[in-house]
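The block underneath contains the structure these notes are about, expressed in structure tokens.
The values are calculated or read from the model by the stated rules, or taken from the named source; none is laboratory data. From a predicted model like this one, the values you see are computed outputs, not experimental measurements. All Cβ positions, glycine included, derive from the backbone under ideal geometry; neighbour counts span all protein chains shown.
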Amino acid sequence: MENEDGRIFREAWIAGVRRHFPGEPKPGYITPWDETPDWERESAAAVFGQVRDFVTVSGGMTAKLSREQKGRFVALCWIAQIHKHIPDPKPSYVADWGALPEWQKETDADIFEEIERIV
């Protein structure tokens, strides 16, 4: 199940990047699941689980959150995973919401909404 959760997260990320990224995205942004590094797979599954649990314990009331709030939740959960797996991450890997590019904010919100739809 964890593997499937991570795959759903990754596919939602790739779909969001293709939808929102201006121009041609870096290859690493759209690497298929089977070629994604193990730490990213583990992180994708973990964040999927965090969003799923948040939706569940909120009784589905996450539907009332704004897209920004949903995206912020995904971004914050992802930053924690970066710190878990990368001892000294580049500042851009752990940038706060306000420093993220618009395409990434929209993609993170899309991920939340996809998981919310499944739950």
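Here are the numbers for the structure shown:
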{"read-out": "Check on Arg19, surrounded by fewer than 18 Cβ atoms within 10 Å (Cβ to Cβ), of a type in the set (Lys, Arg), farther than 21 Å from Trp103 by Cβ and in contact (Cβ under 8 Å) with a residue 40 or more places away in the chain", "value": "no"}
{"read-out": "Count of the range 1-16 residues which are touching a residue at least 12 places away in the same chain (Cβ under 8 Å) and either touching a Leu at 6+ places or on another chain (Cβ under 9 Å) or of a type in the set (Asp, Glu) (or both)", "value": "3"}
{"read-out": "Close pairs from the range 60-84: first surrounded by 13 or more Cβ atoms within 10 Å (Cβ to Cβ), partner among the basic types (Lys, Arg) and part of a helix (DSSP H, G or I), Cβ under 6 Å, at least 6 apart", "value": "Gly71/Lys105"}
{"read-out": "Every pair of residues 6+ apart whose Cβ atoms lie under 9 Å, when the first sits in the range 92-119 and is on the phi < 0 side of the Ramachandran plot and in contact (Cβ under 8 Å) with a residue 40 or more places away in the chain while the second is in a helix (DSSP H, G or I) and among the acidic types (Asp, Glu)", "value": "Ala109/Glu68; Glu114/Glu11; Ile115/Asp5"}
{"read-out": "Test: Glu24 is more than 22 Å from Glu116 (Cβ to Cβ) and either more than 11 Å from the chain's Cα centre (by Cα) or of a type outside the set (Lys, Arg) (or both)", "value": "yes"}
{"read-out": "Qualifying residue in the range 38-61 (condition: touching a Gly at 6+ places or on another chain (Cβ under 7 Å), among the small types (Gly, Ala, Ser) and closer than 20 Å to Glu114 by Cα)", "value": "yes"}
{"read-out": "Val94 vs. criteria under 11 Å from the mean Cα position of the chain (by Cα), surrounded by 12 or more Cβ atoms within 10 Å (Cβ to Cβ) and among the β-branched types (Val, Ile, Thr)", "value": "no"}
{"read-out": "Scan of the range 31-41 for residues that are in contact (Cβ under 8 Å) with a residue 24 or more places away in the chain and over 12 Å from the mean Cα position of the chain (by Cα), ordered by number", "value": "Trp33, Thr36, Trp39"}
{"read-out": "Which listed residue, of Ala99, Ala44, is small (Gly, Ala, Ser), at pLDDT 95 or above and under 13 Å from the mean Cα position of the chain (by Cα)", "value": "Ala44"}
